[in-house]
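Student: The structure is given below, and queries will be raised subsequently.
Please treat every number below as a calculation from the coordinates, not as lab data. Given the structure is predicted, the values throughout are model-derived calculations rather than measurements. Counting neighbours? That spans all protein chains shown, and the Cβs are built from the backbone with ideal geometry, glycine included.
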Amino acid sequence: MVYAAEHDPLCYPGTNVLINLLDLRDAAILEEVELALFLTRADEPFPKGNLDVEHYLSLHRHLFQDVYAWAGKIRTIRIGKGGNWFCYPEHIPHFLEATFAELGDPDTFRKLSTSEFASRIGHFLAELNAVHPFREGNGRTQLAFAAMLADHAGLPFDTDKLEPDRTLEAMIESFSGDTGPLVALVEELIS
């Protein structure tokens with residue numbers, strides 16, 4: 001599904017292709033190369049940090065540094081998908097901080113049951129998805145961060161179980177207020 005956006009200075013003029021470090025101007029080729037480079041970076045150790053906003057931004061930077069000059073930076077335009085608009089850019093810093101504040105101290109996750117962890121992380125991912133701080137790569141960064149949170153809690157996070165269509169549907173449902181499918185998905189990934 002393609003993003004809807006205001007006039008986007010991050011796209012090549014007259015296109016919806018994001019300006020990229022490789023100067024790829026075909027959307028399909030960019031998507032393919034972006035995924036390959038993302039997978040390469042995802043196989044590397046993730047940046048160390050405090051599992052906070054700054055750490056989250058550095059994770060996005062790590063994952064997309066080979067493709068976009070703005071990797072790890074908060075988006076500056078309004079975007080939406082499927083007729084729904086994500087958090088307006090002028091409010092992203094506030095809501096990003098609030099979402100991480102609500103997440104709380106990651107050290108407490110070690111004391112949670114699997115279902116409690118899934119519930120907390122499912123809600124967190126739903127809120128983070130609504131904020132949608134980056135121009136591209138939000139879902140992949142969210143899942144990578146969830147894997148880091150699971151690891152911090154001493155839980156597995158089996159991304160091989162991820163089904164892209166089911167994950168997307170769970171994110172869409174959470175945007176509409178139903179976090180149940182997303183919580184169930186997280187619980188399966190950590191079981």
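Student: For the chain, what does the relative contact order come out to in percent, with C-alpha contacts under 8 Å and a separation of six or more? Can you show the working numbers first?
Tutor: On the way: 219 pairs, mean separation 36.3, N = 191.
This gives 19 percent for the chain.
Student: Still on this structure, I have one more. With 10 angstrom as the radius, rank Lys81, Lys161 by how many other C-beta atoms surround their C-beta, starting from the fewest.
Tutor: Values: Lys81 17, Lys161 12.
Listed from fewest to most nearby Cβ atoms, that is Lys161, Lys81.
Student: Taking a ≥ b ≥ c as the square roots of the Cα gyration tensor eigenvalues, with a/c under 1.5 meaning rounded and otherwise prolate when a/b beats b/c, else oblate, which class fits the range 1-96?
Tutor: Details: a/c = 2.03, a/b = 1.10, b/c = 1.85.
In terms of gyration-tensor shape, oblate.
Student: Whose amide H sits under 5 Å from the amide H of Ile79, counting only residues 5 or more places off or on another chain, with H placed in the peptide plane?
Tutor: Phe86
Student: Still on this structure, please answer the following. Can you compute the modelled spin-label distance between Ala184 and Val33, with each label point 7 Å from Cα toward Cβ, in nm?
Tutor: Computed distance between label sites Ala184 and Val33 equals 4.0 nm.
Student: Given bins 5 angstrom wide, list per bin the percent of all Cα-Cα distances in the range 4-190, short to long.
Tutor: Result, from short to long distances: 1, 8, 16, 20, 21, 18, 10, 4, 1, 0, 0 percent.
Student: Also, quick follow-up: If each residue's Cβ is checked for other Cβ atoms within 10 Å, how do Thr76, Thr108 rank with the fewest at the top? Walk me through the intermediate numbers first.
Tutor: Details: Thr76 14, Thr108 11.
Ordered from fewest to most neighbouring Cβ atoms within 10 Å, Thr76, Thr108 come out as Thr108, Thr76.
Student: Order these by the 10 Å Cβ neighbour count, fewest first: Asp26, Asp52, Asp165. Walk me through the numbers before you get to the answer.
Tutor: Working: Asp26 11, Asp52 14, Asp165 7.
Ascending Cβ contact count within 10 Å gives the list Asp165, Asp26, Asp52.
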